[in-house]
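Only the coordinates and a few stated rules stand behind these numbers; no lab work does. Everything numeric in this text was worked out from a predicted model, so none of it was measured. Ideal geometry is used to build each Cβ from the backbone, glycine not excepted, and the neighbour counts take in all protein chains shown.
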Amino acid sequence: MLVVFDIDGTLTRTAGIDAQLFEQAFHETLGARIPSTDWDDYEHVTDVGILAEAVEKALARAATAADLDAMQSRFLSLLDTHLGTRETLAVDGAGAIFASLRDRGHRIALATGCWRRSAERKLGRADIAHDGVPLASCDDHVARTGIVRAALAKAAARDGERVVYVGDGAWDVKATRELGIPLVGVDREGDGKLASLELGFPIVRDYVDVEAFERALAAAS
């Protein structure tokens, strides 16, 4: 099995702060308020996609390469400062789940809507060893579906190999439905938002119980 993980909210407890820092960086870099920090309001829930749509809505123009570079630089600076103050960043059990799955004969890949440099910082600060793990990000594609396809390509997905995606957001549900890939949801806060979608995919709280997580992977369809 090839297990493809999202990062923010799935492996690391960074979904909320990510939105806060993105909003701050947008205002400081572009001099305008971001139209919304409810990512469901955006067509492409990726750093590049959100930035492009937000600039169009807030400034009535297309985002430029200079906007992208300045925004990413400021966001990463804010992220570094924030990560330095956090004691617990990994979702419970996330630090060991890659090794546990490999011991069971599975392969791992990462597909995230954030910038690669942001992803690397979060994983490193959460002590999630990811050397050699194929990682696709919004640097590869603006759309979630494109990012997942890029992750599969980087992992050299094998003919007949079962692929399961692990994610925490409604955008993960949408992307996997479009691609026809089974999903395991992660509800780290226990708020029931994923279950409220009533789509029947298995949901876990964390990765502490590896056997329970593997059962969820097997049950995903």
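Once C-alpha pairs closer than 8 Å and six or more residues apart are averaged by separation and normalised to the residue number of the stretch 15-83, the relative contact order reads 34 percent. Between 0 and 90 degrees, rounded to the nearest ten: what's the tilt of helix 144-154 against the longest Cα principal axis of the chain? Here the helix axis deviates by roughly 60 degrees. Taking the Cα centre of the chain as origin and assigning +1 to Lys and Arg Cβ atoms and -1 to Asp and Glu Cβ atoms, the resulting dipole is close to 440 debye. Annotation: average projected area of the stretch 170-221 is 3.4 square nanometres, based on the convex hull of Cα atoms across all directions. When only alpha carbons are used to place a centre, the stretch 1-55 and the stretch 106-163 end up 17 Å from one another. When only the Cβ of Lys, Arg, Asp and Glu is charged (+1, +1, -1, -1), the dipole of the stretch 15-83 relative to its Cα centre reaches about 260 debye. Using a Cα-Cα cut-off of under 19 Å, which lysines could be cross-linked to Lys193, ignoring same-chain neighbours fewer than 8 residues away? List returned: Lys174. Note on the chain: Cα-Cα pairs beyond 33 Å make up 13% of the total pair count.
Would you work out the relative contact order for the stretch 2-143, in percent, from Cα pairs under 8 angstrom that are 6 or more residues apart? Please report the intermediate quantities before stating the final value.
Details: 179 pairs, mean separation 49.3, N = 142.
With pairs under 8 Å counted, the relative contact order is 35 percent.
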